[in-house]
Amino acid sequence: MVLLEKEQFDVIGKRYDIKNIGKVTGEEIYSCDVNIPRQLFAVVLRSPYSHAEIKKIDYTEAEKMGAICIGPDDVPDTLYNERIVSIPDKTYRDRTVLPKDKVRHVGEAIAACAAETEEEAFAALKKIKVEWGKKWKPLVTLDDTMDPNAPAVYDQVYLGEEKVEVKNNLACDRNITVGNVEEGFKEADIIVDETFNIKRIYHMQLETKSAVCKPEADGGITLWTTTQGIHNVRILLGHIFDIPLSKINVKRITLGGSFGSSIQMNSITPICVALALKARRPVKLVTSREGDMYDHSSYPLKTRLKVGVKKDGTLTAAHCQVWVEIGGHNIQAYPYLGCVAGWFASLYKWKNIKYEGKAFYSNKGPSCARRGYGSPQINFPVENTMDILSEKLGIDPVHFRLQNYVGRGDEFWGQGPTVRSIIRSCGVEEMLVKGAELISWDKRGKPDEKSGVIRKGIGVARGFHTSGTGGPHPGEVIDYSGATVKINEDGSADVITALMDHGCGTWDAGAKVVAEVLKIPFEKISIDNGVDTRTTVFDVNTHATRGVYCGCGAIKFVAEKVKEILLNYAATLFEDRPENLDLALNKELGQGVVYPKGLPENYKTIGEIAEYAHTTSWGTIAYTSTLRQKNCPPCFITYFTEVEVDTRTGEITVPRVVMLGDSGTIINPELWKGQILGAYALGLGVGKLESIPYDKVTGKLKCNGFITDFKVPTTIDMPDIDNIIVEHAHTYEPTGPFGAKGIGEAALSAVASSFGNAVYNAVGIRFHELPITSEIMLKALKEKRNRRKN
Amino acid sequence: MQTDTKILAQEFEYLAPKTLDEALDLLDKYKNKNIRILAGGTDLLVKMKTTDLKVDYLMNIKDISELNFIDIRQGLIIGAVTPLSHIIRKEKVRVKYTALYEGIKAMAAPSIRNMGTIAGNICNASPAADTVPPLIVYRTELKLQSKRGERNVLLEDFITGVGKTIIEPDELITQINIPKINKNTSSVFLKKSRVKADLSKINLAVYLEREGNVCKDCKIVFGSVAIKALRAEKTEGFLKGQIINSELINKAAKQVSSEIKPIDDIRSTAEYRIAMSKEMLKDGLELAWARAKD
Amino acid sequence: MNYKVEKIPIEFSINGQERRVSVKPNDLLINVIRDDLYLTGTKYGCGIGECGACTVFLGKETVLSCLTLAASVDGKEITTIEGLAKGSKLHPMQIAFLKNAAVQCGFCTPGMILTAIALLKENLNPSEEEIKDYMRGNLCRCTGYVQIVKAIKTCAEGGKSESI
């Protein structure tokens, strides 16, 4: 295997000053910070009922107070899905900007008001009279939704252009078979059949969903909003409001965290637009935190996983059944079921697979992707099952995984069953072996060997994510990115791309890629806000861990075209052929230089070439294009987590952890680490703290949307700095820009799994449901002691 | 009831007296006109934002300098609007009134402690209040003043239920008087919560006075286990006058849970609280006993 | 829209500059800072004092501006994140955050930096445990806190925190 060592790179993998100084000075502008003269402030009226018919909305009293209001009759009838990443034929559509017939969850937006101040808008909002009709009891649990007598959340929806009847609240389902699981189970010596449950989590991204919309004189709009993809927002708004895209300009603006909650156009965005168009004034809408918690949440997942294995540790079959209740709108349940299948199928060599997935409507805030998009949810059942199997087999869990993992040369499913590719780079073995050594895996002991009030345990889990959603042929998911790269008249460069940066270092990577290709110093490359849908070519979204592999892959492609143009111009200057010239970074000059091969002293700087092209009116050295990656190589993660369980109080802490990631070439080591550390904290939240239960009677969030009762990990929940080891595998992805893959979502996939496996190693109790709160742990310990007595 | 936590969505008259006399005058004037007292705001403003609590007159007493002091000459006298963070900076509090020190440190986070006041924590009268159990074990008295005069009330008698106190509409807590602490005494505060910056699932203050091997006096107060902070009087009686050893501590811990009446709520369960009451009492007594030796 | 109550004129110093504004009794400091003075570095994260994103200095101590009435800061001194740098010269804590990759989406960053500076004012050389304990009221969903704690430790080791 060829490995390009990072010493060969000028810029890739090296530390550079971060391009986000505004974030520490307070100058960085987020959507909620945008202020347009004469703007009105908007608030959204949210349904207090879970499932109820809207008969009439009367806002005359609110209007008398001077507010501009919108209700169901003020918004288009367009039925859409706010996430248009999937192709139209595979996209379910069930919503309008505001519901026209009934509400389907507490907190659903039903009307909105804008006024000179937020206080006035809110006072007016309280004067809106809603006449309600029939009310139905809320469907809160999965069992509620699967009850054949349950009230129908929808009678019909659309899939593409086809009308689809919704029966028994089934939103969609997916079934995939590979081989023959019955035969596979016959071959098995041991069969394990367990059910697991991962609950809904709220993303709790720090910036609540916001939008500022300015209506333009020509009937168009300019928009700043919380989004991971400005072009999809533009396309949707043009479609909904029947405005040509050339009149809609969505500005790219810094995003205060997302974790998947703004892949879709947020529900408040078209509401803000409708208000702005009606008021003919700019409108600013910032969601309250309590409104935000009703707006979106992660997909839960109930999994029944049956796996067969031979005595020698070879897997023979896996039957995976999943159920999920998706809330009041179907944002992306169909691809979710497909992705869950993909994450499951590509973790281990099951040999024979049967996957059955069902998604049901419920009366809760709609679920959407959350960092991993089903991977954390299915990783937990799989990695727990692998530990259960290895215990029954008497094989070490690390060895069992080494024996069965899907790796280099194997086929894997990229984000679902329809896209399959062969893995070309894989650090799984290196990470399992190294991690085991670093955590002292051999010394962890068995649960029943442990004693004392404080029990320590170590657990392992591994996961992965695809770098983007590309495949040999375009599939169910749209995935391409583009950029304009231009060399300025002084030799600096601009990278103009709609690619979003959530703070993970995507732009840093983009600038480094251009710097590496064009040999222009990193400091002289701009890649920043100040772009919008008008000035950029399409980028689907920064999601699916595609920022580096796809987004920067496209940037690299464009940069290489720019290099061709540069060398062509230089060739004219040197009166030679471009292939006889070389391009290199001259550190003393702080510039890139072009020189005739063999005569480096006869160089011309890029600045000189660009200036000459300018003064002779040859033109700008620039190129614009898009690129569709034809692969989505998996990036891998492995965690060895050590937990301490206090058996008197049920409290679980994590004193030590070894984190190992495989991203191929790592473009920004510090931010790469930051991704993994950040994901680890999120995963601990999943493991021991977070859930957003709904009340069965009222259909309301038990915490009412206040984070007083939605606790997330704080500084204290992470291990001490010296007890965290982060290592990377030494791999190189040949299809990635300079060998790079992603890491963002892979990093979350296996955290809670490693936590759960560690808990088992500590106390001998396997939890099939998360979070493992102190109350739940203590109760389980008590029940175990009672079982022992009997 | 829809809320909007971005703003404080109700109008009221704002009063900002500079002296205690001014404040008492205003209280007398508006005592029947829905007046509320603002100190730190970390409880009151949250309630005004998230519940249907309506206020017509809001009187900010945080800037009344005569109510902001810490007097360590005798016991500990704390002015009503002294920020919590200032209280824990005093060496005497840390050393002599350790449960109060630990109780305040266990609250929320530094910014909240800069804003919040001890009188506010008391008047908010949440069963989960972290300053209340420590203050009760020290036999704290509150000085209440109004235009009509002043009175001293034992903190233990002051809070009557969830959000309920015996304060009159024209009264203001002006001082928190914590008596002098005897030699050979110690105190401990313990708390269980979901994360460290959180309201308590259950909290506990233990106060012990030690004479050789004998427990001369003890006070045990739990929070978040009833409608108000609860003294475990039976268990106190069980320990008072006894030779303290681990066997006795274990017995005390076993029986204390019969004295508390916790419920299931969003933060925890009755079962867990009962279990924790035993563990915490054991830990609290052991620690307090060891501290009293020093 | 008729106001039932009169606006109150207040004067305060913000980032060293004297300002005069008229505020309603129920106007919150966070909104006056963000919407009237256009200093948008201070952020709304929850409105109920749980996340720390709205942290500002009131005098020499940090407070949560989402739970502070604007009227109550009459005659006082406020420092927001925008008040830290001297021209283009960044505060050591700002530099430490940048150098230690302690910033991802950046939304929690202003609150984090101000709280960290408050910590170093009280405790010049805090241990890791002390740092974590002090910062427990500032929420972050991106970084996992580790690099933030490292940045604060690095800043402390680098010398005295500048006084405001």
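So that you can scan it fast, the table gives a plain yes or no per residue for (1) crowded, with 21+ Cβ neighbours inside 10 Å; (2) closer than 14 Å to A:LEU315 by Cα:
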position	(1), (2)
A:TYR336	yes, no
A:GLU356	no, no
A:PRO366	yes, no
A:THR385	yes, yes
A:HIS399	no, yes
A:GLN403	no, yes
A:PHE412	yes, no
A:ILE423	no, no
A:VAL433	no, no
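Before we move on, is A:VAL166 farther than 24 Å from A:PHE360 by Cβ, surrounded by fewer than 22 Cβ atoms within 10 Å (Cβ to Cβ) and touching a strand residue (DSSP E or B) at 6+ places or on another chain (Cβ under 8 Å)? No: the conditions fail for A:VAL166.
Each residue in the range A:716-733 was checked for being within 21 Å of B:VAL195 (Cα to Cα) and β-branched (Val, Ile, Thr), and 3 pass.
Taken as a whole, the range C:149-161 holds no residue that is crowded, with 24+ Cβ neighbours inside 10 Å, of a type in the set (Val, Ile, Thr), over 21 Å from A:LEU684 (Cβ atoms) and more than 12 Å from chain B (Cβ to nearest Cβ).
I'd like to know if the range A:110-127 contains one or more residues that are of a type in the set (A, V, I, L, M, F, W, C) and away from chain B (no Cβ under 14 Å). No, that holds for no residue. Identification of helices (runs of 4 or more DSSP H) wholly contained in the range B:1-102 with 3 or more residues that are within 13 Å of chain C (Cβ to nearest Cβ) yields B:44-50, B:84-87. The single residue among A:ALA729, A:ALA747, A:ALA762, A:ALA740 that is touching a strand residue (DSSP E or B) at 6+ places or on another chain (Cβ under 6 Å) and within 14 Å of chain C (Cβ to nearest Cβ) turns out to be A:ALA747. Go through the residues of the range A:457-473 one by one and say whether even a single one is surrounded by fewer than 21 Cβ atoms within 10 Å (Cβ to Cβ) and of a type in the set (D, E, K, R). No, the range A:457-473 contains no residue that is surrounded by fewer than 21 Cβ atoms within 10 Å (Cβ to Cβ) and of a type in the set (D, E, K, R). Just one residue in the set A:GLY184, A:GLY219 is at positive phi and either over 32 Å from the mean Cα position of the chain (by Cα) or assigned to a helix (DSSP H, G or I) (or both); that residue is A:GLY219. For the range B:259-278, how many residues meet the condition of being in contact (Cβ under 8 Å) with a residue 24 or more places away in the chain and surrounded by fewer than 17 Cβ atoms within 10 Å (Cβ to Cβ)? Result for the range B:259-278: 1. Each residue in the range A:256-282 was checked for being touching a strand residue (DSSP E or B) at 6+ places or on another chain (Cβ under 8 Å) and over 21 Å from A:ILE235 (Cβ atoms), and 6 of them qualify.
Scanning the range A:124-139 for residues that are over 16 Å from A:THR698 (Cα atoms) and part of a loop (DSSP other than H, G, I, E, B) yields A:LYS126, A:LYS127, A:ILE128.
The residue that is surrounded by the most Cβ atoms within 10 Å (Cβ to Cβ), among those in the range C:1-52 that are charged (D, E, K, R) and without any contact (Cβ under 8 Å) to a residue 12 or more places away in the chain, is C:ARG34. Evaluating A:THR638 against the criteria (1) part of a strand (DSSP E or B); (2) at positive phi; (3) of a type in the set (Ser, Thr, Tyr) leaves one unmet condition, (2). In the range A:776-790, the residue that is farthest from the other protein chains (Cβ to nearest Cβ) out of those that are within 23 Å of A:ARG200 (Cα to Cα) and surrounded by fewer than 21 Cβ atoms within 10 Å (Cβ to Cβ) is A:ALA780. Here the strands (runs of 3 or more DSSP E) wholly within the range A:1-102 that include at least 1 residues being within 14 Å of chain C (Cβ to nearest Cβ) are A:40-46, A:68-70. Considering the range B:105-216, the qualifying strands (runs of 3 or more DSSP E), each wholly inside and each with 2 or more residues that are buried (at least 23 other Cβ atoms within 10 Å of the Cβ), run over B:172-178, B:185-192, B:202-211.
Within this structure, C:CYS142 fails the test of being part of a helix (DSSP H, G or I) and away from chain B (no Cβ under 14 Å). Taken together, the criteria exclude C:ALA85 from residues that are farther than 19 Å from A:LYS23 by Cβ and either of a type in the set (Ser, Thr, Tyr) or within 8 Å of another protein chain (Cβ to nearest Cβ) (or both). Counting the residues of the range A:611-622 that are more than 14 Å from A:ASN488 (Cβ to Cβ) and within 40 Å of the chain's Cα centre (by Cα) gives 0. The selection criterion, being among the small types (Gly, Ala, Ser) and farther than 29 Å from B:ASP264 by Cα, does not hold for B:SER187. Screening C:ILE78 on (1) part of a helix (DSSP H, G or I); (2) in contact with a Ser or Thr (Cβ under 9 Å, 6 or more places away or on another chain); (3) β-branched (Val, Ile, Thr) shows it passes everything except condition (1).
Of all residues in the range C:90-116, which are aliphatic (A, V, I, L, M), part of a helix (DSSP H, G or I) and crowded, with 24+ Cβ neighbours inside 10 Å? Residues satisfying the conditions are C:MET93, C:ALA96, C:MET112, C:ILE113, C:LEU114, C:ALA116. Once the range A:691-726 is narrowed to residues that are in a strand (DSSP E or B) and crowded, with 19+ Cβ neighbours inside 10 Å, the residue that is farthest from the other protein chains (Cβ to nearest Cβ) is A:TYR694. In the range A:733-748 there is at least one residue matching the filter, namely being over 22 Å from C:GLY137 (Cβ atoms) and polar (S, T, N, Q). Only one of the listed residues (A:LEU79, A:LEU45) is in contact with a helix residue (DSSP H, G or I) (Cβ under 6 Å, 6 or more places away or on another chain), at pLDDT 95 or above and closer than 30 Å to A:ASN704 by Cα. That residue is A:LEU45.
The values are calculated or read from the model by the stated rules, or taken from the named source; none is laboratory data. What you see is a predicted model; the values in this text were computed from it and never measured. Cβ atoms come from the backbone with ideal geometry, glycine included; neighbour counts cover every protein chain shown.
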